[in-house]
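S.K.: Take a look at the following structure, please.
The values are calculated or read from the model by the stated rules, or taken from the named source; none is laboratory data. Since the model is a prediction, treat every value here as computed from it, not as a measurement. Glycine gets a Cβ as well: all are built from the backbone with ideal geometry, and neighbour counts include every protein chain shown. Please note that ligands, DNA and RNA were not included when accessible areas were found on the heavy atoms of the full protein model with its side chains. Shrake-Rupley method; radii C 1.70, N 1.55, O 1.52, S 1.80 Å.
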Amino acid sequence: MRRGAKGAVLEVRALSVEFSTARGPLKALRNVDLDVPAGSVVGVVGESGSGKSTLAGAVMRLLAENTRITAGEVRFEGRDLLRASNAEMRAIRGERISMVFQDPMTSLNPVLSIGTQMVDIQYRRDRSREEKNARAVEMLRRVGIPDAERRMAHYPHQFSGGMRQRVAIAMALETEPALLIADEPTTALDATLEVQIIHRLKDLQRSEGCAILFISHHLGVIAELCDYVVVMYGGEVVERGTVRDIFHRPGHPYTEKLLECDPARIADRSRDLPTIPGDVPDLVALPRGCVFAPRCAKAVDVCGRDAPPDVWLEEGHEAKCHLAAKAGGGAASGFEGGAASGAGPRAGAGAASGTAAESGAGEGAGAGTRTASGGAPA
Amino acid sequence: MWLYLCKRVVLGAVIVVVAVSLLYSMIHLVPGDPVKIVLGPRASPELQAAIHEKLGLNDPLPVQILNFLGNVATGDLGVDVFKNRPVADIVLEQLPHTVVLVVTGIGWAMLLGIPLGCASAIHRNSVLDRIAGVLSVSCIAIPSFVVAIYAVMLFAVTLKWLPAIGAGERGNLASQAWHLVLPAFAVGLSWVGYLARLVRASMLEILGEAHVRTARAFGLPERTIVLKYVLRLAILPTITLLGMGIGILISSAVFAEIVFARPGVGRLIFDAVSTRNYPVVMGAVLITTVLFVVSTTLSDLINALVDPRLRSEE
Amino acid sequence: MAVTTTAAATPALENLGAWTAFRRSIGRVVREPLGALGLFMVVLIVGSAIGADWLAPFDPNKIDIRAKLEPPSVEHLLGTDQLGRDIFSRVLVGGQIALKVSLVAIGAALAVGLVLGLIAGFGPRWLDHGLVLLFDTVRSFPTVMFALALITLLGPSLETVVVVVVVTQIPIYARMVRTQTLALRSAEFIMAERVMGAGFFRILAVHILPNVIGPLLILASMDIPFVITIEAGLSFLGMGVRPPTPSWGTILNDGYSFLYNTPWPAIAGGLPVIITTLGFTFLGESLRDVFDPKLRKDV
Amino acid sequence: MSAILEVEGVRVRYRVKPALRALLEGGSEAFIDAVAGVSLTIGEGETFGLVGESGSGKTTLARSIMGLLRPREGSIRFRGRELVGIGPRALKAFRREVGAMFQDPVGSLSPRLTVRSLLSEPFRIHGLRERDLQGEVRRLLRMVGLSDEFASRYPHQLSGGQARRIGVARALALGPKLVIADEPTAGLDVSVQGEVLNLLHRLQQELGISILAISHNLNVVRHITDRLGVMYLGRLVEQGPTDAIFEEPRHPYTLALLSANPHPDPDAVADRLELSGEIPSPMERPSGCEFHPRCPFVQARCRESHPGIEGMERGHAFRCFYPVGG
């Protein structure tokens, strides 16, 4: 995969986020790396408490007050958002990056008409009021809202849940952003509406050409919509790869189990459904070694002792697992195995520097492993 | 919208009718003859009978209530037996004084309290917020008549900055305004606290709502977010509180009018109670209650203007 | 046999939990400066009221016309009034009156409000509508005006003050209980209990009341300053406690007449009112923050 | 197999406008039928799944079976006894024989009771105080795979999966004949929902109970049900053996619902029947077949007349003039 020409719009490096709680700091995100190549759809999948929404919040720098970004970088179009001033950040929000939220019932202002809200967000544009109105109406039409002109004067409570989510998408794409972050945008909707929204989103993504960071716990939706997938568990990225890597050749036991558990994937009707026993890890008092080890059926001694490295499985496909390292070709040491592979959702950074291709190729047969903190090759 | 408006107005009217009936039947539920209460125990039986007849107290209670309601509807609140003047005239004569005091009191409280609440909410946990928090709670806790007395003691007696008693010279607006300062301060002080606290609480609540995060995610300027997206919603409970505030302030006005020896409905009712002039007491209570109902209804209507969800309710 | 051990063991364990929780909560109240201050003021006032009979250096009603309007001294800590009565003793006994009135009145209003609120919340719709209309009507009378109307009819007395408070506060408690009951009534856990076959009274006693009573008690504790204000206010107007019984209101009223020359009687009458209302408000606020941060008092 | 529950022509009506307003305004109806004539039968030891999206009336139907709502017409018979309109004593006796689970795993547990009290609640309600309550609590906890230490916890100290287990234990405390489970996996992660479904299934095998399982997710009920009913706008549009419905759905809505759940495989051939529009409000019930405004195969007849049960083979019934397949 050579997508160096395109580059990544978003590169998250070694991002760590903590919440302060009564029991002590809760390590919501630890050492998260993620790339969103321009014009692609990257899915973040994980169960509750995996930190996927925190990731979205950190990129936008819209986190709750008790939250602290302790380390890392969020590079968007070449600049580090975590070091940008508030004014710079505001200039990016809604202009270069926009966002669609989970609950369509509460994410729009209840006392302003949607027309007002859609015109307000164009405040940076040097357009007349009529032009702004026309742009809003056009977007409403494109997301499939019938009678768009008349609907501009309506208030959010006069729309159904599905229609509100369409409005939210229209707003998010109105300013032609380079990146759209969608945080569980269809979770609150019924299945038949969910499909409608997903398709509309996909069509719009193609025509607008923006990249999407799509967060969901719904494996089917991820499979359908995304080009690349990042799997999160307990505040860490445990696996990344193309959508086919993840769904056809999962490298991490968690991903494997997660796919197994989805009742939609079980072709034969079964009365004994697979599960993942145990509870999600306590992020205030983390277990030693691998976060998934306490629930992992394949865990061996080393899993409970050392934090696993990111193991290079194939071009662009990595898993944070001791066992993957073993399976990958015996280089299970977890030592520094060479430069990062320039592939997968991380492709942009490496490829843009022009070195990833050689270093990736140069690793030859062995599975390249990298320490978890490893950044992009310089 | 019209449906909502009608509903509110009808509800207000029903409350007034129930209030009048309650008030009227209260006189009869209380042991003892109201005529005796008015005339004192030593009045002659003939006089009592005459007054009984005159006040229509010989009819059955529901008929009396209906008659009374009919009279109230035509603006007839009965007659002051002592002065032989219509009660409505007596009360309405005093009402403007009280209304001026109440409006001034709540006015300065609004001007100070609402911005204070906003500032506290925006700069949450700052020094300003903490000080404002303690001050508001203290303002709320201290009764207005104690504030009034202490204010007289401090500003009128000790410092001699402001006049202690009276409403000022008749016709001299400056003097009247000067005399209004202390009473309005006493009446409004606790409202600074109420308003600051309520505005702060509702601002914080709205600031935490999902749609504000959406507005932030679109990079809207903080000014726009606070003034257009947050305040518009946060002000709703404040409007309701102000509507009710009129009624609560009338109570404080009674004390202020007595401490500062000012004319007004409070003073009127106080004097009427002392002379057990119950038609005047009833009239004054009635008119202030109507004032209260009108102001709460008005605040509901203003809320409906701001909030489209209320308008399309059902 | 096993049954008795179960019955005995279960509540004991739960009580222990509740007691620990209570102690922890008090700890959290005290850790806040305002909470600690409030608790201190309340303990001071309540303690001095309970011990008034022993603490008061003089008979609060003993007239000594030769010693009238004396400034504060070691003998008369807060001076004397126009009849030469010891103001400090009167303030202590006045505190007794104020607390007695608030406890009796709030207790009665709480009980009636709870019952009416439950009826409104659980009863048929027409009854609910009727009761809410009644509550709203009573709330539309300006409190002091309404009090004065009642006093005209009943005559000024301590009992009248109690009646006034009870009548005006019932709607506030009742409305709150009603709102909570309505919310709980459609809650899933109540539905689950119904489907299990639990009867009306069991649902009420085991599942609704424990969830309603906490916020109600906090609301009541925050109402004490209001009641004390009403009592002192009406007494100040000469419409509450009858002389010679001391009340903070009457002390204030007496002092007010002599404000220009002898300010201490007025100061002495006002201070305890301020300390009490501030103390209960601070304490109530921190109690609310600790127990139920979502509860917001409607003024 | 004898029937444990027979539901016949049940209609549940809500008043949406006060009578006076409806009279003044006229026009639209003052009532909506949340359930508009549903008939179904659940056999002894059988699991019946009820599937539909929000607003389809499945929860309303379940609540009327539980005796929480009174149907306007129709009959509900439990082991031959009529339930509609029975007195409180008979209702209580019926409730001893059914267990119920509600959507919110934590919210359906009384918040101020410990797990111990919650689990002994059914015994107390039905006056079974002579039983060894402590022992029963232990038995129930063990049954759902939780240790004894959970007995002293409060609902808010439980995870969603644990709370759901307590819900299952409570529903089964008195050995019911029928369990009604409304969204038994709502709010649970995929990795946990299997546990709850397995638990339900295992207990059903052991105890021989019948289950009415309600869900919006066809894939979830698929694995635990014998038969399935699909609801749309208050009506059962298709019902039959679960396998038959999955293999050969006849109603277009069922087909759409089946294909609406995107398959978690990027290479899956998206042979999908996508619906346009949303579920109409029951206040503006479409004419004819309620599904016609969204149906891709709509024809003139569908707009005019209402389809009855148009096909019936091996217990597989559907309401459609132009069924898919076959």
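S.K.: If you take the accessible area of A alone plus B alone and subtract the pair, what total do you get in square angstrom, rounded to 100, with a 1.4 Å probe? Walk me through the intermediate numbers first.
M.R.: Values: alone 16600 and 17250 Å², together 31650 Å².
The buried area between A and B, both sides summed, comes to about 2200 Å².
S.K.: Using a Förster distance of 22 Å, how high is the FRET efficiency between D:Arg285 and D:Tyr322, based on the Cβ-Cβ distance and rounded to 0.05? Please report the intermediate quantities before stating the final value.
M.R.: Details: r = 20 Å, r/R0 = 0.93.
The pair D:Arg285/D:Tyr322 has a calculated efficiency of 0.60.
S.K.: If you place +1 on the Cβ of every Lys and Arg, -1 on the Cβ of every Asp and Glu, and leave all else neutral, what size is the dipole of the stretch A:1-61 about its Cα centre, to the nearest 20 Debye?
M.R.: Numbers: 9 positive and 5 negative charges, 19 e Å.
Charge dipole, the stretch A:1-61, about its Cα centre: 80 debye, nearest 20.
S.K.: Count neighbours as other Cβ atoms within 10 Å of each site's Cβ, and list the GluC sites (Glu not before Pro) in the stretch A:1-92 that are DSSP loop with at most 16 such neighbours. Mind showing how you got there, number by number?
M.R.: Details: sites: A:Glu11, A:Glu18, A:Glu47, A:Glu65, A:Glu73, A:Glu77, A:Glu88; in loops: A:Glu47, A:Glu65, A:Glu77.
Answer by residue number: A:Glu65, A:Glu77.
S.K.: Suppose R0 equals 51 Å. What FRET efficiency, 1/(1 + (r/R0)^6) with r the Cβ-Cβ distance, do A:Arg23 and B:Gln48 give to the nearest 0.05?
M.R.: Details: r = 77 Å, r/R0 = 1.51.
The computed FRET efficiency comes out at 0.10.
S.K.: State the Cα centre-to-centre distance between the stretch B:151-173 and the stretch B:177-221 in whole Å.
M.R.: One Cα centre to the other: 31 Å.
S.K.: Using the Kyte-Doolittle scale, which helices in chain C average at least 0.0 and also have C-alpha atoms spread 27 Å or more along the helix axis, with helices defined as whole DSSP H runs? Mind showing how you got there, number by number?
M.R.: Numbers: long enough: C:2-31 (43 Å, 0.25); C:87-122 (51 Å, 1.95); C:158-185 (39 Å, 1.06); C:209-236 (39 Å, 1.52); C:264-291 (40 Å, 1.04).
Taking the DSSP H segments of chain C (at least 27 Å long, mean hydropathy at least 0.0), we get C:2-31, C:87-122, C:158-185, C:209-236, C:264-291.
S.K.: Taking the Cα centroid of the stretch C:147-224 and of the stretch A:1-69, what is the distance between the two, rounded to the nearest whole Å?
M.R.: For the stretch C:147-224 versus the stretch A:1-69, the Cα centre distance is 48 Å.
S.K.: Tell me: how much accessible area in total is hidden between D and A, 1.4 Å probe, Å², nearest 100? Please list the in-between numbers first.
M.R.: Working: alone 15900 and 16600 Å², together 28890 Å².
Interface between D and A: roughly 3600 Å².
S.K.: Between A:Asp268 and D:Arg314, what is the FRET efficiency for a Förster distance of 25 Å, r being their Cβ-Cβ separation, to the nearest 0.05? Intermediate values should be presented prior to the final figure.
M.R.: Working: r = 21 Å, r/R0 = 0.83.
Between A:Asp268 and D:Arg314 the formula returns 0.75.
S.K.: Still on this structure, please answer the following. Hand me the trypsin sites (Lys or Arg not before Pro) from the stretch A:51-139 located in a DSSP loop with no more than 15 other Cβ atoms within 10 Å, in residue order please. Intermediate values should be presented prior to the final figure.
M.R.: Details: sites: A:Lys52, A:Arg61, A:Arg68, A:Arg75, A:Arg79, A:Arg83, A:Arg90, A:Arg93, A:Arg96, A:Arg124, A:Arg125, A:Arg127, A:Arg129, A:Lys132, A:Arg135; in loops: A:Arg61, A:Arg96, A:Arg124, A:Arg125, A:Arg127.
Answer in residue order: A:Arg124, A:Arg125, A:Arg127.
S.K.: Nearest 20 debye, what's the magnitude of the dipole of the protein assembly as shown about its Cα centre given +1 on Lys and Arg Cβ and -1 on Asp and Glu Cβ?
M.R.: Working: 132 positive and 126 negative charges, 271 e Å.
The calculation lands at about 1300 debye.
S.K.: So with the 1.4 Å probe, I'd like the accessible area per residue for the stretch B:186-247, rounded to whole Å². Display every interim value, and only then the final one.
M.R.: Numbers: 1860 Å² over 62 residues.
It amounts to 30 Å² per residue over the stretch B:186-247.
S.K.: Which order do B:His179, D:His316 take by accessible area at a 1.4 Å probe, largest first?
M.R.: Values: B:His179 35, D:His316 10 Å².
Ranking B:His179, D:His316 by accessible area, largest first, yields B:His179, D:His316.
S.K.: Based on the alpha-carbon gyration tensor of chain B and its eigenvalue square roots a ≥ b ≥ c, which shape applies: rounded if a/c is under 1.5, prolate if not and a/b is larger than b/c, or oblate?
M.R.: On the way: a/c = 2.92, a/b = 1.55, b/c = 1.88.
The shape class here is oblate.
S.K.: Taking all protein chains as present, what is the carbon and sulfur share of the accessible area of chain C, in % to the nearest whole number, probe 1.4 Å?
M.R.: Values: 8900 of 12780 Å².
Here it works out to 70 percent.
S.K.: What total accessible surface area, summed over both chains, is buried at the interface between chains C and B, computed with a 1.4 Å probe and given in Å² to the nearest 100? Before the final figure, lay out each step's value.
M.R.: Values: alone 16370 and 17250 Å², together 29100 Å².
Looking at C and B, the buried total is near 4500 Å².
S.K.: Next question. So which residues in the stretch D:74-107 end up with at least 50 square angstrom less accessible surface once the other protein chains are there, compared with the chain by itself, probe 1.4 angstrom?
M.R.: Buried by 50 Å² or more upon assembly, which counts only protein chains, are D:Arg95, D:Phe102.
S.K.: Once a ≥ b ≥ c are taken as the square roots of the eigenvalues of the Cα gyration tensor of the stretch C:51-291, is the result rounded (a/c under 1.5), prolate (a/b larger than b/c) or oblate (a/b not larger than b/c)? Intermediate results must be reported in sequence, preceding the final value.
M.R.: Working: a/c = 3.42, a/b = 2.35, b/c = 1.46.
Verdict is prolate for the stretch C:51-291.
S.K.: Select from the stretch C:267-293 all residues whose loss of accessible area on going from the chain by itself to the full protein assembly reaches 20 Å² or more (probe 1.4 Å).
M.R.: So the qualifying set is C:Ile267, C:Val273, C:Ile274, C:Thr277, C:Leu278, C:Thr281, C:Phe282, C:Glu285.
S.K.: Roughly what would the spin-label model give for C:Ala111 and D:Glu82, points 7 Å off Cα along C-beta, in nm?
M.R.: Those two pseudo-labels are separated by 4.7 nm.
S.K.: Loop-only check: which trypsin sites (Lys or Arg not before Pro) in the stretch A:185-234 are DSSP coil with at most 13 other Cβ within 10 angstrom?
M.R.: Filter output for the stretch A:185-234: empty list.
S.K.: Counting only heavy atoms of protein chains, what accessible area per residue, in Å², does chain D have with a probe of 1.4 Å? If you can, show how the numbers build up before the last one.
M.R.: Working: 12820 Å² over 326 residues.
Accessible surface, normalised per residue, equals 39 Å².
S.K.: Would you mind checking the pairs A:Lys27/A:Lys326; A:Lys257/A:Lys320; A:Lys202/A:Lys320; D:Lys92/D:Lys177 and listing those with alpha carbons more than 22 angstrom apart? Please report the intermediate quantities before stating the final value.
M.R.: Numbers: A:Lys27/A:Lys326 28 Å; A:Lys257/A:Lys320 15 Å; A:Lys202/A:Lys320 30 Å; D:Lys92/D:Lys177 14 Å.
Among A:Lys27/A:Lys326; A:Lys257/A:Lys320; A:Lys202/A:Lys320; D:Lys92/D:Lys177, the Cα-Cα distance tops 22 Å for A:Lys27/A:Lys326; A:Lys202/A:Lys320.
S.K.: Tell me, which residues of the stretch C:243-258 get at least 30 Å² less accessible area when the other protein chains come in, versus the chain alone (1.4 Å probe)?
M.R.: The answer is C:Leu252, C:Tyr256.
S.K.: Which aspartates and glutamates does A:Lys298 reach when only Cα atoms under 12 Å apart count, and residues fewer than 8 places away in its own chain are ignored?
M.R.: Answer for A:Lys298, where 12 Å is the Cα cut-off: A:Glu256, listed by chain and number.
S.K.: Aspartates and glutamates near C:Lys62 by alpha-carbon distance under 18 Å, same-chain residues fewer than 8 away left out - which ones?
M.R.: Excluding near neighbours in sequence, the set is C:Asp53, C:Glu70, C:Glu75, C:Asp81, C:Asp86, C:Asp254.
S.K.: Determine the shape class of the stretch A:26-92: with a ≥ b ≥ c the square roots of the Cα gyration tensor eigenvalues, call it rounded for a/c under 1.5, and otherwise prolate if a/b is greater than b/c, oblate otherwise. Before the final figure, lay out the partial values.
M.R.: Values: a/c = 1.83, a/b = 1.12, b/c = 1.63.
In terms of gyration-tensor shape, oblate.
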